[in-house]
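Structure record follows, encoded as structure tokens.
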Amino acid sequence: MKFYTDIFNKIISLENLFLSWEEFKKDKSKKKDVLEFEWNLEPNILKLHRDLKYHRYKHGVYTSFNICDPKQRKIHKATVRDRVLHHAVFRVLNPLFEPSFITHSFSCRINKGTHKGVNSLAYFLNKVSRNSRRPCFALKCDIKKFFDSVDHKILLSIITKRIKDDNTIGLLKEIIESFPPTQSRERERERESIFAPQFNQFDPTCDVGSNWYRFPDR
């Protein structure tokens, strides 16, 4: 298994943080908290960079609110500062883990998504059924409260098999443990046009982290 070192400086670099801001703000440019952060963008990014560089960074608290989608759900949203950092982590780490994911996993991956998943399903249905000339079967299932049940220690142990950088692991631990899995909750799903719909960036128990959790050893 290939492992990686000296990643921390790439994550916290000003170039990566500003590029992460540009990706984060897409489709959110009129939101109040985004506008407030952008009003003092350079000082905010520079402060985030310094806090990370000198190991002063602490993940902020979450704001909670309810939505109807269509059923009522309680949402816990990280601050803009923290979500920019989530993007920064994702930009550096995802290319390292992406090759280890199985080909036919389509959730929350660049150049994947729902439509390609449906097309793949149609291809295999036609192949197995020989163009609908014989019966075939598919299993539809869901893991109840999957994100709430992700074991943070296991997730970190999977990450540390590939990432041999103490500063990066310390940062990931700060992010992952910023919201305990024992508390039932729903996460805000950020809609990013360049990624799959309803896509979280590197959030403590997000879809990206769950891909690492489900497909660790390929």
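Every number in this text was worked out from the coordinates using simple rules, so none of it is lab data. In this text, all values refer to a predicted model and were calculated from it rather than measured experimentally. A quick note on method: Cβ atoms are made from the backbone with ideal geometry, for glycine too, and the neighbour counts reach across all protein chains shown.
Given LYS30/LYS112; LYS32/LYS77; LYS26/LYS74, which pairs have Cα atoms separated by over 19 Å?
Where the Cα-Cα span goes over 19 Å, the pairs concerned are LYS30/LYS112; LYS26/LYS74.
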Other-chain or far-sequence residues with amide H under 5 Å of TYR4's (modelled H): ILE163, LYS164
Protection proxy ranking of 163-169, 133-139 - average other beta-carbon atoms within 10 Å, highest first: 163-169, 133-139
Which residues does a label at THR79 reach in region 151-178, if reach means a backbone N under 17 Å from a point 7 Å past the Cα toward the Cβ? 174-178
I want to check the label-to-label distance for ASN167 and THR5. Put each point 7 Å from Cα in the C-beta direction and report it in nm to one decimal. 1.4 nm
